[in-house]
Amino acid sequence: MSFPGSGLAKGLAVTLRTMTKRSVTAQYPDAQPDLAPRTRGVIGLFEENCTVCMLCARECPDWCIYIDSHKETVPPAAPGGRERSRNVLDRFAIDFALCMYCGICIEVCPFDALFWSPEFEYAETDIRELTHERDKLREWMWTVPEPPALDPAAEEPKELAAARKAADKLAAQQQADAEAARAADRTEGQPADQDRPDTSGEGT
C-alpha cells in the first residue's frame, strides 16, 4: 500500500544518491568515446573487391545503395584465346539518410567489398549531403578495425582441412613418383646378368 507522495519521495531519494556520486558525463567532442570493436558506424567500400554483382543493392531493404557500371572488353590473356567482358564500377553511393544499419549488404557481399567502420562523425546540415559517394566510402576503409584473431582452440575450417589433405596427398604422390624414377634410373645403370661374358671356363 502506497501513501500520498511516495513516488516523489522515491524520486528525491534517487536524486540524492546520484548527487553523491561522481559524474560520468563524457566531454564529447573533446573526449572521444571508447567504442565497442563491432560498432556499426558507417559502411566502408573496398573498391578493388567489388565486381558490380548488384547483390548488395538488390538485398537492401531500404534501397539506399546506388550502383552504376559499364562493360569493358578484356583482350585474351594468351594468343588464340577469347575476349572477355567485365563490369567496371562507375558509381557506388549509399544514402545514410535511408540506411537503417541492418548490415545485410555486408553479409551478402560474396567478395568482401563492404565493411563496418566505427566512424560516426558524418552529420550534415543538409539531408541531401548524407548520400556519400565511393570516394568517401573508400576513405572510411582506413578506419575499419582489423578482424579479431582466430581462437587457437577453435575447430579448423572444413575448407582448410580439405585443402591441406589434398596438398598432402599431392605431395605424397609426387614423392612416390620421384622415388620410382630414381629406382628406375638405378636399374637401368646396372648391366643385366645375361649380358655379362661367361668367364667360368677360363684358366682350365
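The values are calculated or read from the model by the stated rules, or taken from the named source; none is laboratory data. Everything numeric here is computed off the predicted structure, so don't read it as measured data. As a convention, Cβ positions derive from the backbone with ideal geometry for all residues, glycine included, and neighbour counts pool all protein chains shown. To get the accessible areas, we keep the full protein, side chains included, count just its heavy atoms, and leave off ligands, DNA and RNA. Shrake-Rupley method; radii C 1.70, N 1.55, O 1.52, S 1.80 Å.
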>> Given a 1.4 angstrom probe, I'd like the percentage of the accessible area of the chain that is carbon and sulfur, rounded to a whole number.
In response: 55 percent
> With springs only between Cα atoms under 10 Å, which of Pro148, Pro76, Pro118 fluctuates most in a Gaussian network model of the chain?
Replying inline: Pro76
> Against the longest principal axis of the chain, how steep is helix 6-19, in degrees 0 to 90 to the nearest 10, with axes from Cα atoms?
Replying inline: 60 degrees
> Quick one, which of (i) 2.10; (ii) 1.13; (iii) 1.01 is the actual Cα Rg over 2.2 N^0.38 Å calculated for this model?
Replying inline: (i)
>> Please check: in the Gaussian network model of the chain (C-alpha springs, under 10 Å), which one of Asp95, Asp177, Asp62 has the largest mean-square fluctuation.
In response: Asp177
> What's the angle, to the nearest 10 degrees (0 to 90), between helix 158-189's Cα axis and the longest principal axis of the chain?
Replying inline: 10 degrees
> Around Tyr101, with a cut-off of 13 angstrom between Cβ atoms, what is the net charge of the other residues, counting Lys and Arg +1 and Asp and Glu -1?
Replying inline: -2
> Averaged per residue, what accessible surface does the stretch 53-104 expose to a 1.4 Å probe, in Å²?
Replying inline: 65 Å²
> Which is farthest toward the positive dipole end of the stretch 28-142 among His132, Val108, Thr39, measuring Cα position about the Cα centre, with Cβ charges +1 (Lys, Arg) and -1 (Asp, Glu)?
Replying inline: Val108
